[in-house]
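The values are calculated or read from the model by the stated rules, or taken from the named source; none is laboratory data. Source: prediction; values computed, not measured. No Cβ is skipped: glycine too gets one built from the backbone with ideal geometry, and neighbour counts run over all protein chains shown. The protein model used for the area step is the full one, side chains on, heavy atoms only, and it has no ligands, DNA or RNA in it. Shrake-Rupley method; radii C 1.70, N 1.55, O 1.52, S 1.80 Å.
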Amino acid sequence: MIDILALLALPALACVALVGIHAYFGLHVLRRNVIFVDLALAQVAALGATAAFLLGHAPQGLAAHVYALAFTLVAAALLASTRAWSARVPQEAQIGVIYVVAAAAALLLVDRAPQGAEHIRQILTGNILTVGWEELRWAIPLYAAVGLGYRFLARRLDGRGWLSEFLFYAAFGVVVTSSVGLAGVLLVFAFLIIPAAIGVLHADEFPRQLAIAWVAGVATALVGLGVSYAGDFSTGATLVCTYGAALAVAGVAYGLRLPHSSGATFEIAGRLGRWVGAAVLAASAIWIVVSPRTDQPVLDLLERVFPAIRSAYMDDKALDIAADAERHRERYGEEARKLRALEAERRWKGEPLDEIEVRKIGSFLKSYNEMMKGEEFVVREVRDRAREARRWWIGAVFTLFAASVLASPSIRSRRPKAGSPTPAGMARPADGRSIADR
Amino acid sequence: MQIGSRPIALSGDRDDRRVTPAKAGAQCLALLACAFILPAIAQLKIVATTAEMHSLASAVGGEAIAVSHLIPAGEDAESFQPRPQDLARIRAARAVLRVGVDYDLWLERLLRQAPGVVVIDASTDVALLDVRAGGVGPGDGHAHGRGNPHYWLDPANAEAITGTILEALAALDPPNARRYEANRLAFLARLDAKMAQWSSALRGAGALIAYHDTWPYFARRFRLRFVGFIETRPGIAPSAAHLADLLRIAKEEKVRAIVREPHQPPRDAAFLAERTGARVAVLASGVGAVREAVDYISLIDYNVRALAP
């Protein structure tokens, strides 16, 4: 347990640092409506590092970082300059163009540099799990300096058009260039957008939005790290999915906090759920009658969760055949595993296997794999025949379920009494405008 | 044109009987063309998919064949994307030499557009390891259906690979068959002389962890023990639990080196090495992946040196 905590301590610290700076910039990104700017700037930085590598500089050397930074600043200047076009061409389109051109140009450069692809990859695909103290020792002060520096300068440059825009993109570019190398593109996007979106959902003022974003972002990261460990899932991908789930929870919580709407929300959700459920069941009923031998997603899912369902439509003989085939399949699988283990062990231990023995093992493995597929075919065939024979019966059960779902009593809306207080923070402002109007 | 005591006149003009410097230059160029271009035209054109196959084909074909390869040295062969000129190269060739075992699946599309080109599958006579059948399943840790494709990393397999190449070249160019056979035997003799040296250098290399399961053939030949892999599914970063497991195994088994290839991310290998006291060994799975690996023998030579205790 102590080993695990030691293993996850630095990733957790990295998450705190990354949420800290990205939630802050994320609020600005949402306000400016330039959602994918981080991807474009990271790709431009990768292009710069690749160009440096092609010119003979060490991949992780100072020159490569300077090139990456210089390219990022050029992209920042470009984005700041084209902000004026946004009335005609949305800035997201310009960001998309910068992204694809930088990605394509990097590919062309890579073609001329042996092992060049790796250097692009190193910039774009960090791994939060293996982040080291050496990296954090530089990244944390950098994020603090850029965050505070941006806040200080932005106040002084407020309203000075191009310079103000350039400052934002340049500061953000410096952060993203570093953070994507630590955590990877997907995770940095999640750190940037999701905590900020949760903050914006649940607060109106910037300081409160930032506080909520920080708390939600850090809590979600810790949950994600725990889920990644418990479920043996890839850490970066798990964190991104956990952030997605956190946004969904925050969205539901937002719906429940809307004034006079909690009952209506439940009622609409319940009605929608019933209709969707009934439609799926009715479609399953039609599908099994029309094509009983093809995939039946709902029935397959139900059987996976409750294997006993099979005995409802398969007779004893069919069940015996299927069980026998399953037993054989497992036995062949076990034999194949033993052979593979034997071959792997004899690579270094005991008398080495000669070529003929290796070929024999390969041939046995092929045979076992084919036999396993044969047994799987038997299980499927027996099941499909039973489904075909009882398709009307299964279809009728699905139809009955669909009808009962539709006929189930609806959840009544719980309308608050007149004069009851609205949830905190969601009161209609004094000027009469809704939050969305501001 | 009359050839005798008079200077050779290449054209019919009256005043062109003297050999001027320009004419002499033109004649030299013509002779050079005969000396160099004609043999090149006579050479059998072979396109290999990878640089190591290129090297093995050159070892058999020698001067009688002109070999090129499609995947730039050092590039990850499994994520290679062909370019327009690759199709032109294949169309101009008599034969394509491929790794097979689902390693260069991208070649299929190109071959459909180049009918008539002979395909030489170098894996034909190799005893494959980690064999699977019927494609890739969800429990499969490696993305290759027929077996692990990195078979050239066992230098003993060079005999089977060059045998396949020899057979194909002899069929395509029967007059040079003996020459190909002699080249192959000379190459195998050079390889044989190295084998004992390599085996003794790698004795006592200890337990190893690799980034990707690239090394079963190399391990089998040199009795190396790989106790784990960082990347259990191609392209998917390890989980915290898997990394914790690797750290435990590394400590229990006293892992001496974490093996990665130049195109694989250095972070994960460095992370494990730092926490276990093992060193990171950068091995090359193909010719040109590192500067020292200029041909097949120097590739194995480099890997042995990089891993030797």
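Is it the case that segment A:368-375 has a residue that's open to solvent by 80 Å² or more (accessible area, probe 1.4 Å), away from chain B (no Cβ under 14 Å) and over 30 Å from B:Ser199 (Cβ atoms)? Lay out the reasoning, then the answer.
Here is the first cut: in segment A:368-375, the ones open to solvent by 80 Å² or more (accessible area, probe 1.4 Å) are A:370, A:373.
Narrowing further to those that are away from chain B (no Cβ under 14 Å): none.
Scanning segment A:368-375, I find no residue that is open to solvent by 80 Å² or more (accessible area, probe 1.4 Å), away from chain B (no Cβ under 14 Å) and over 30 Å from B:Ser199 (Cβ atoms), so the answer is no.
Can you tell me which residue within segment A:8-28, out of those that are open to solvent by less than 10 Å² (accessible area, probe 1.4 Å) and within 14 Å of chain B (Cβ to nearest Cβ), is modelled with the lowest pLDDT?
By that ranking, first place goes to A:Pro11.
Does B:Pro149 satisfy being free of Cβ contacts under 8 Å to residues at least 60 places away in the same chain and not in a helix (DSSP H, G or I)? Working first, answer last.
On the way: free of Cβ contacts under 8 Å to residues at least 60 places away in the same chain: yes; not in a helix (DSSP H, G or I): yes.
Against the criterion (free of Cβ contacts under 8 Å to residues at least 60 places away in the same chain and not in a helix (DSSP H, G or I)), B:Pro149 qualifies.
Looking at segment A:358-378 only, could you name the residues that are free of Cβ contacts under 8 Å to residues at least 40 places away in the same chain and not hydrophobic (A, V, I, L, M, F, W, C)? Full working, then the answer.
Quick first cut of segment A:358-378, residues free of Cβ contacts under 8 Å to residues at least 40 places away in the same chain only: A:358-370, A:373-374, A:377.
Listed by number, the residues that qualify are A:Arg359, A:Lys360, A:Gly362, A:Ser363, A:Lys366, A:Ser367, A:Tyr368, A:Asn369, A:Glu370, A:Lys373, A:Gly374.
Under the condition of being of a type in the set (Lys, Arg) and out of contact with any strand residue (DSSP E or B) (no Cβ under 6 Å at 6 or more places or on another chain), which residue from segment B:261-282 is most open to solvent (accessible area, probe 1.4 Å)?
If we take residues in segment B:261-282 being of a type in the set (Lys, Arg) and out of contact with any strand residue (DSSP E or B) (no Cβ under 6 Å at 6 or more places or on another chain), then B:Arg275 is most open to solvent (accessible area, probe 1.4 Å).
Of all the residues that make up segment B:135-158, how many are open to solvent by 20 Å² or more (accessible area, probe 1.4 Å) and at pLDDT 85 or above?
1
Please go through (1) out of contact with any Leu (no Cβ under 6 Å at 6 or more places or on another chain); (2) aliphatic (A, V, I, L, M); (3) over 11 Å from B:Ile209 (Cβ atoms) for B:Ala244 and return the number of the only condition it doesn't satisfy.
Here B:Ala244 clears every test but (1).
Among the candidates A:Arg293, A:Arg274, which residue alone is away from every other protein chain (no Cβ under 14 Å) and either among the polar types (S, T, N, Q) or not in a helix (DSSP H, G or I) (or both)?
Values: A:Arg274 fails: either among the polar types (S, T, N, Q) or not in a helix (DSSP H, G or I) (or both).
Result of the check over A:Arg293, A:Arg274: A:Arg293.
Would you tally the residues in segment A:342-361 being open to solvent by less than 60 Å² (accessible area, probe 1.4 Å), of a type outside the set (D, E, K, R) and part of a helix (DSSP H, G or I)?
Of segment A:342-361, the ones open to solvent by less than 60 Å² (accessible area, probe 1.4 Å) are A:343-344, A:347, A:350, A:353, A:358, A:361.
Then keep just the ones that are of a type outside the set (D, E, K, R); that gives A:344, A:350, A:353, A:358, A:361.
Subsequent filtering for residues that are part of a helix (DSSP H, G or I) retains A:344, A:358, A:361.
Total satisfying the criteria: 3.
Scan segment A:202-226 residue by residue and report those that are open to solvent by less than 60 Å² (accessible area, probe 1.4 Å) and within 14 Å of chain B (Cβ to nearest Cβ).
A:Ala221, A:Gly224, A:Leu225, A:Gly226
Go through (1) within 14 Å of chain A (Cβ to nearest Cβ); (2) within 13 Å of the chain's Cα centre (by Cα) and name the single condition B:Asp125 misses.
B:Asp125 satisfies every listed condition except (2).
Look at A:Ala402 and say whether it is farther than 25 Å from B:Val227 by Cα, touching a Ser or Thr at 6+ places or on another chain (Cβ under 9 Å) and either in a helix (DSSP H, G or I) or open to solvent by 80 Å² or more (accessible area, probe 1.4 Å) (or both).
Yes.
Does B:Ala196 satisfy the criteria of being farther than 23 Å from A:Thr130 by Cα, open to solvent by 40 Å² or more (accessible area, probe 1.4 Å), of a type outside the set (Asp, Glu) and free of Cβ contacts under 8 Å to residues at least 24 places away in the same chain?
Yes.
Would you mind stating whether A:Ala216 is assigned to a helix (DSSP H, G or I) and in contact (Cβ under 8 Å) with a residue 60 or more places away in the chain? Give the steps one after another, and end with the answer.
On the way: assigned to a helix (DSSP H, G or I): yes; in contact (Cβ under 8 Å) with a residue 60 or more places away in the chain: no.
For A:Ala216, the condition - assigned to a helix (DSSP H, G or I) and in contact (Cβ under 8 Å) with a residue 60 or more places away in the chain - is not met.
For segment A:75-158, please list each of the helices (runs of 4 or more DSSP H) lying entirely inside it that holds at least 2 residues being at pLDDT below 90, closer than 23 Å to A:Leu13 by Cα and at the interface with chain B (Cβ under 10 Å from one of its Cβ atoms).
Fully inside segment A:75-158 and qualifying: A:133-157.
Check off (1) open to solvent by less than 10 Å² (accessible area, probe 1.4 Å); (2) modelled with pLDDT of 90 or more for B:Arg225 and give me the number that stays unchecked.
So B:Arg225 meets the others, but not (1).
Can you tell me which residue is modelled with the lowest pLDDT among those in segment A:39-71 that are buried (at least 23 other Cβ atoms within 10 Å of the Cβ) and not aliphatic (A, V, I, L, M)?
If we take residues in segment A:39-71 being buried (at least 23 other Cβ atoms within 10 Å of the Cβ) and not aliphatic (A, V, I, L, M), then A:Phe53 is modelled with the lowest pLDDT.
Filter segment A:228-257 down to residues that are within 9 Å of the chain's Cα centre (by Cα) and of a type outside the set (Gly, Ala, Ser) and give me whichever is surrounded by the fewest Cβ atoms within 10 Å (Cβ to Cβ).
Among those residues, the one meeting the criterion is A:Cys241.
Somewhere in segment B:295-305, is a residue without any contact (Cβ under 8 Å) to a residue 24 or more places away in the chain and surrounded by fewer than 20 Cβ atoms within 10 Å (Cβ to Cβ)?
Among the residues of segment B:295-305, at least one is without any contact (Cβ under 8 Å) to a residue 24 or more places away in the chain and surrounded by fewer than 20 Cβ atoms within 10 Å (Cβ to Cβ), which makes the answer yes.
Report yes if A:Arg31 is within 30 Å of A:Leu222 (Cα to Cα) and more than 14 Å from chain B (Cβ to nearest Cβ), otherwise no.
On the way: within 30 Å of A:Leu222 (Cα to Cα): yes; more than 14 Å from chain B (Cβ to nearest Cβ): yes.
The answer is yes for A:Arg31.
Does A:Ile35 satisfy the condition of being in a helix (DSSP H, G or I), closer than 24 Å to A:Ile98 by Cα and either of a type in the set (Phe, Trp, Tyr) or in contact (Cβ under 8 Å) with a residue 60 or more places away in the chain (or both)?
no
State whether the residues of segment A:297-304 include one that is exposed (fewer than 13 other Cβ atoms within 10 Å of the Cβ), part of a helix (DSSP H, G or I) and among the charged types (D, E, K, R).
Yes, because at least one residue in segment A:297-304 is exposed (fewer than 13 other Cβ atoms within 10 Å of the Cβ), part of a helix (DSSP H, G or I) and among the charged types (D, E, K, R).
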